[in-house]
Amino acid sequence: MIKIKKSEFNKFIENLQKNYSVFAPVTDGKATAFKKIKSSDDINNKVLNTKRSPKEIFFPQSEVLFQYTEKGMEVPKREEKPFAIWGMRNCDTKSLLLLDKVFGEAHQMPKKDMYKDPYWKEKYDNCLVFNLACNEPLSTCFCNWFDGGPFDKTGSDIFVVETDDSFIFEAVSDKGKKFLTDCKTTENESDKEIKKIEKLKETAESFLAEKEDISSLFSKTKEIWDEPIWDEIAAKCVNCGACTFVCPTCHCFDVSDEGKGNKGKRIRLWDSCMFAIFTKEASGHNPRSQSTQRVRQRVMHKYNYFMDNYDEHLCTGCGRCVVVCPTNLDIREVIKKILNYKNEE
Amino acid sequence: MIQNLRTEVKKLLKDKKVDIVLGWEKGSLPLSSSPLFIHKEEDVDRLIFDETCRNNLTTYLTKDKRKLGKTYDKIGIVVKGCDARSIVLYVVEQQIKRENVIIIGVPCNGVLEKKKILQKTENKEILESKIDGNNIHLKGRDFDLKFPLKDVLCDSCLTCRYPDAPVHNIFIGKPRKEVDIKDEFKNVIDFEKKSSEERWEYTKDEYARCIRCYACRNVCPACYCNECFVDQNDPQWIGKTPEVTDSIIFHLIRNLHVAGRCVDCGACVSACPVDLDLRIMNKKVEKEVKERFDYTAGLDIDEKPAMVSYCENEKQDFIMG
Ligand code: SF4
Ligand code: SF4
Ligand code: SF4
Ligand code: SF4
Ligand code: SF4
């Protein structure tokens, strides 16, 4: 455990920038997002859930896969320094683990390593994740449903707690340990600090709403696939992509070619199961032409299909989708509805 | 008011005058509401109407394959002034038949803009809220704020001329006719005074935030195309990236598509997750249509819409020749 006084925070970030490209929550116009910072002055440590999730650091909304001319093709050059992400919350660090199952591990593929995504791996594998504990969870936070929590450390390299006057660092992964050992400012563990952290944790947890037991969610979703409940759930959804675009775990993408004359590029773009053209086929046929089918896809992907493939829910309970939905289609209510649903027979 | 509304709605359902009624119910977040689809009399008690009833529900009449307007023969719909005007738009554009909708007008004093509230509370959690008369009282863990309601009403509401459904079957209470508003286009006029560099700087920064989620389009009553131009990929009309140039093209084309049709309900503004200033262009186009064709969308079922009528003495300086 090491401690850095708030007055030394600027210096700490400056040092970090020597070896890393540092990303942190910033206020970007009227919204908040994780961006590469110039100096520590850009950092907003107050914001709990940035409007745009940090998944875009590793999996940007649009990413050029390669460019081509008549002479050949090339993959755009990446950043040289590895990434350090300051100020991620537990619901976001956990989302990276989930996304890594898709892009990084690809364990289900026929041949090991076959479809590992180089664009993701290059950024994610060497990055250093600082998880900042949430001292004041929001009423939309429900990470506790998924066994996360404001002081949970899963998915981080270094766990950080902000106290009244300092930041207290604790190594979680080997990468994190190495980083902290290399920092010269090591300090001994003090009972006083541990007590402070315990107190903050207790207060934070008291802000969270009651935990819902979702252990039967997977089996329940399996039972109801063709039940009329989906019409009821989906009725008010207008199929914008807001929920999926702010979600830290949604990862569907589309590939688009943009070319002119003898030059062009292939771009990977976020897609959304909410969009009408999501699964429209070249023939014009669309197996999910109805809004209800697409809402079901979103919910099933999160709480059933992903579980089937990777033994985890594709949701960390960050609550972003709850906040942005223009029709107040609250995913927590959807989950409760599913859990309480009684089949007609 | 709310009791009268519920009684009327119950009556409509009981007498089988409607198959479904669209209204609002209390939402899951502080100061929020959510669309409510009422099929049965016993659900009527969930119906509310107050400053939180932000959504323009008419969008459900035409949206997606669901198209409630085509699914049901008779639809009851609770509307504010702007919402009622979008029904007029549908009738004029032959998307629904006037006799198929029972328009239930409610007296509107403006609806809340969540983003303005969050600015006031500095994004802090609201634990208690109370609207009393023209004031709003908000309490959180470490704040206790009281301020005039109009500080947090939608911009559209602040310059709304027709708060009470200009066209309706039933009105709860007594509808006001037009409200006298003088600075309806103030935001546009102020903006027009800026230099083109300033305007570009502002516009560029705004649209740079767009994440192309299309919430603005999807909540918009005027955007009901079966296939939007942004969804077409053969040919692909516009770039799909969130780069500012691509986003601007999306927005400009959408602006033109809703020209003379936008009713300034503000639904797009409220829906945008990244808080873009979409209203400035909406109002600019509305002002142009007003000045060139003396047309305001959604007021008169018998008047031909601006974009399909032609008049010899119209200004035609936009036609290049
Ligand atoms: S959901 Fe949990 S981890 Fe995420 S911001 Fe809220 S309290 Fe923190
Ligand atoms: S589904 Fe909603 S709550 Fe779950 S991770 Fe995505 S945005 Fe967060
Ligand atoms: S944000 Fe809400 S309305 Fe939009 S697609 Fe998601 S659930 Fe549907
Ligand atoms: S463009 Fe915006 S303000 Fe105009 S009708 Fe559509 S949603 Fe309403
Ligand atoms: S709602 Fe906002 S972010 Fe989404 S497409 Fe419209 S302007 Fe862009």
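Of all residues in segment A:6-57, those satisfying the criterion of being within 14 Å of chain B (Cβ to nearest Cβ), of a type in the set (A, V, I, L, M) and either within 16 Å of ligand 5 (Cβ to nearest atom) or closer than 14 Å to residue A:130 by Cβ (or both) are A:31, A:33.
Among the residues that make up segment A:119-140, is at least one of them part of a loop (DSSP other than H, G, I, E, B), among the β-branched types (Val, Ile, Thr) and within 16 Å of ligand 3 (Cβ to nearest atom)? Yes, because at least one residue in segment A:119-140 is part of a loop (DSSP other than H, G, I, E, B), among the β-branched types (Val, Ile, Thr) and within 16 Å of ligand 3 (Cβ to nearest atom).
Among the helices (runs of 4 or more DSSP H) confined to segment A:282-345, the ones with at least 2 residues that are more than 9 Å from ligand 2 (Cβ to nearest atom) are located at A:291-300, A:306-310, A:331-340.
Give, as residue ranges, the helices (runs of 4 or more DSSP H) completely inside segment B:1-87 that count at least 1 residues that are in contact with a Cys (Cβ under 8 Å, 6 or more places away or on another chain). Give the steps one after another, and end with the answer.
Working: elements: B:2-14, B:59-62, B:68-71.
Counting at least 1 such residues, we get B:59-62.
Give segment B:209-261 a look and list any residue that's more than 21 Å from residue B:89 (Cβ to Cβ), within 11 Å of ligand 5 (Cβ to nearest atom) and among the hydroxyl-bearing types (Ser, Thr, Tyr), or say none. Answer for segment B:209-261, where residues must be more than 21 Å from residue B:89 (Cβ to Cβ), within 11 Å of ligand 5 (Cβ to nearest atom) and among the hydroxyl-bearing types (Ser, Thr, Tyr): just B:247. Here is the figure for segment A:260-283: residues that are more than 10 Å from chain B (Cβ to nearest Cβ), small (Gly, Ala, Ser) and without any contact (Cβ under 8 Å) to a residue 12 or more places away in the chain total 2.
Just one of the listed residues (A:103, A:151) is in contact (Cβ under 8 Å) with a residue 12 or more places away in the chain and closer than 27 Å to residue A:197 by Cβ, namely A:151.
Any residue that is surrounded by fewer than 15 Cβ atoms within 10 Å (Cβ to Cβ), assigned by TED's automatic domain parsing to the domain that holds residue B:59, basic (Lys, Arg) and touching a residue at least 12 places away in the same chain (Cβ under 8 Å) - is there at least one of those in segment B:182-192? Looking through segment B:182-192, at least one residue is surrounded by fewer than 15 Cβ atoms within 10 Å (Cβ to Cβ), assigned by TED's automatic domain parsing to the domain that holds residue B:59, basic (Lys, Arg) and touching a residue at least 12 places away in the same chain (Cβ under 8 Å). Scanning segment A:245-259 for residues that are crowded, with 24+ Cβ neighbours inside 10 Å and at the interface with chain B (Cβ under 10 Å from one of its Cβ atoms) yields a count of 2.
The values are calculated or read from the model by the stated rules, or taken from the named source; none is laboratory data. Everything quoted here is computed from the prediction, not taken from an experiment. All Cβ positions, glycine included, derive from the backbone under ideal geometry; neighbour counts span all protein chains shown.
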